[in-house]
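Read through the structure below, which is laid out as structure tokens, and then see the notes.
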Amino acid sequence: MDPEIQKMREVVLVYLDRSGGLQKFVHDCKKYNDSKQSYAVYRFIISINPSDITELDATLGNYILHNPLQAAQIFQSVCFVAIKTLSLIEQLQTEAQISILLKPTHLPPLPSYVLSLSAYPFNYTSQRFYMSEGIVIAMGTVTKYTQGARFLCTEETCPFSEGRFRCIRVHCPGATESATVRTDFVCSLCSSPLQEDMKFRVLGDKQIVEMIDAKILNALKGYSIDKSHFRIQAFTLFLRDELANKMTIGNHYRIIGIPACVQNGLQMTACIEVNSIQLYKPNGPSFVSDNFKYLLSLTSSSCWRFTAVLANIFASQVVPPGTYNTLKLAILLSLVQTCEKENADYLDLLIMTSDTLVIDRLLNYSLCLLPRGIRHPPSSDIFPSVSKDKHGTGSASIHACSAVLAKGGICYIGDLSSYKKDKLELLQSVLESRTTTVFIPGKKYGEEADQQVTVSVQTNFWSFVDMDSSSKKHIQKENFLIGQMDVSLIPVNLVDGFGLLIYNEFPSCRLSSPVVHHILKKAINPEAMLYKASQQFRTQDYEEFILFARNLHVELSSEAESLIQGYYLASRRVRRDSIHGSTLSASALKILISLAKAHAKLSLRQTVLEEDAVIAILLFESSLTLKHGTSALCVAPNPVFPSDLSDENSLQQRDIYLMQCHHQLLKFIAAYSPGIHINTNEE
């Protein structure tokens, strides 16, 4: 025996003893022994810490990292001796029956161990461990594969025809089913055909997953500040046994696996046999820029000023400061209300506008401030679809879509009036439940029964309705209430599904000049910084600010909660008719709380104050007025920004106006929801 191999076997035994792996191995053997059933293959998973084992023996550590299949054979021989010496599994006959799967806890943080899914060339010939990361864009259903099988020689006089476990086929990483089980194997002793002993076949679970580099998100934004070019290619992952169903479509993962090349007919497919999976959660910035800190200190005298200035100067690369302030504030609120939690506070935006060009540019620009801002291409599906797996298994494969890829971000779906009725109904269902169901007919995909797979949709939706085009498609109503808009082209329940309805009127003659000048100057010099705000508050600063703000954990104060509940109950009493009852949607209270929390986050506070609740109520009441007409509260058409913000005096006037709105709101609650007790400040 090679002395180096013998030394590595001894190190393996020492490592298993020290790491607790030997104790786990004995426990796993007991399960097999207690079953009293003979298997063709006994499968064991051994966790390996490369750092620890390299300290024990550098040669073995290097062998595991760069020749994992051969290293597994060393562990196999050690485990076989241990089983026989300690009589752990009585049914075990030969060493070939033991299948060892080595699972490294991590890999060295060196470039040579990182496999980039977008880099070329892709080294799939060296069967060693690599680390990679990406986003799951397609998932197949779980099917069966053969872990191992026993074969007997068909020649009766051959010793290998006896019922011993001499001819064993075991699955290897990247191997197809035909490499483990087929009919043309021959006996190594007499060259007669081998025949499988079916009662000893060991089956396991297999799932095929498609993963793509996270850079794909930059390509799906529709507009990107990063102008670099890159190659994107999806790769196939094989998840086996305990790893099946450990991934979720749309999530970002780091994996450790062994690359391989699988032949499917005349085509060769590069794939990765996954060994371990880790959900990837990038850390957000722990700071905001000094300019934002200085602005926050300058506006600290009022709880409303910081967000007002923020909205006023936001997106100065796309629109002049001071224009579209209500819409920009709503965009910022929606941006900070993005996360990947199951029960998150969502804030969807629907914009009614005749100025689609500028609005489209503004929304596109805002998308790029988030890692997951997706502009939905009209040619593809918004929600998951199902098709036949392309790897020849015949099973179903669920494909991600814009809404799933935008997980924890924004899905911008463009002009809502361009979608057909069935798509709008599906969108309404998703807005209400935040889930979508994919139906898989069993007959079509080789299953005994039909399946329904529920996919979570954790994203905010942005959309707009082109008032000019929609007015040509249908006859407008004539019996409008004061302040009400004609939104009859879109189903009422769908309009209610969006958190905010915003009417973005084309700027009046007084304001249109700056917008026109801005567009013309940008057309001549796209890279020009036209305003001082663009230099002081760069796009990167806003990216860091939003990522920091959205990670803040905020709590409702009792005063803010009472104000929101009082307004909600009063509005339910005021906004009702004899036929349909209350016109407030079932999600109204949740939207109000989401708006208030978003304003607190945008103000970099961790407590929702009454001032946050006032802004939330004014925005929501303005949205209700557009849908159903004005109520007894009677807010102005543009309640959050009643006038231009040009200097400190205009900010002071806005504060006075918002205080009056607060006082008016308290009167409204006292009149229509008298059961709610709210502390009022006489001053």
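Is one or more of the residues making up the stretch 147-158 of a type in the set (Phe, Trp, Tyr), open to solvent by 30 Å² or more (accessible area, probe 1.4 Å) and outside the structural domain of residue 381 (by the TED database)? No, that holds for no residue. Scanning the stretch 587-611 for residues that are assigned to a loop (DSSP other than H, G, I, E, B) and out of contact with any Cys (no Cβ under 7 Å at 6 or more places or on another chain) turns up 587, 604, 605, 606. Screening residue 303 on (1) modelled with pLDDT of 80 or more; (2) within 30 Å of the chain's Cα centre (by Cα) shows it passes everything except condition (2). Of all the criteria given as (1) outside any loop (DSSP other than H, G, I, E, B); (2) surrounded by fewer than 14 Cβ atoms within 10 Å (Cβ to Cβ); (3) in contact (Cβ under 8 Å) with a residue 40 or more places away in the chain, the one not satisfied by residue 199 is (3).
Can you pull out every residue in the stretch 439-476 that is more than 16 Å from residue 417 (Cβ to Cβ), assigned to a loop (DSSP other than H, G, I, E, B) and modelled with pLDDT under 85? Hits for the stretch 439-476 are 441, 442, 443, 444, 445, 446, 447, 448, 449, 450. Residue check: residue 380 meets all listed conditions (1) over 22 Å from residue 604 (Cα atoms); (2) over 20 Å from the mean Cα position of the chain (by Cα); (3) among the polar types (S, T, N, Q) but one, namely (2).
Of the numbered criteria (1) surrounded by 16 or more Cβ atoms within 10 Å (Cβ to Cβ); (2) at pLDDT 85 or above, the one residue 124 fails is (2). Scoring residue 584 on the criteria (1) of a type in the set (A, V, I, L, M, F, W, C); (2) part of a helix (DSSP H, G or I); (3) touching a Phe, Trp or Tyr at 6+ places or on another chain (Cβ under 9 Å) leaves a single failure, condition (2).
Beta carbons closer than 6 Å, at least 6 apart along the sequence or on distinct chains, pair a first residue in the stretch 146-168 that is of a type in the set (Lys, Arg) with a second that is in a helix (DSSP H, G or I) for 150/200; 166/160.
If you filter the stretch 82-98 down to residues that are of a type in the set (A, V, I, L, M, F, W, C) and open to solvent by 30 Å² or more (accessible area, probe 1.4 Å), you find that the one that is nearest to the chain's Cα centre (by Cα) is 96.
Summed over the stretch 574-621, residues that are hydroxyl-bearing (Ser, Thr, Tyr), open to solvent by 20 Å² or more (accessible area, probe 1.4 Å) and over 21 Å from residue 351 (Cα atoms) total 3.
Here the stretch 430-448 is the region considered, the condition is being of a type in the set (Val, Ile, Thr) and touching a residue at least 24 places away in the same chain (Cβ under 8 Å), and the residue that is nearest to residue 348 (Cα to Cα) is 430. Does the stretch 99-112 contain at least one residue that is among the small types (Gly, Ala, Ser), modelled with pLDDT of 85 or more and open to solvent by less than 20 Å² (accessible area, probe 1.4 Å)? No, the stretch 99-112 contains no residue that is among the small types (Gly, Ala, Ser), modelled with pLDDT of 85 or more and open to solvent by less than 20 Å² (accessible area, probe 1.4 Å).
The values are calculated or read from the model by the stated rules, or taken from the named source; none is laboratory data. Since the structure is predicted, the reported quantities are computational estimates derived from the model, not experimental observations. In this analysis, Cβ positions are derived from the backbone assuming ideal geometry, glycine residues included, and neighbour counts consider all displayed protein chains. Remember, those area values only see protein heavy atoms, side chains included, never the ligands or the DNA or RNA. Shrake-Rupley method; radii C 1.70, N 1.55, O 1.52, S 1.80 Å.
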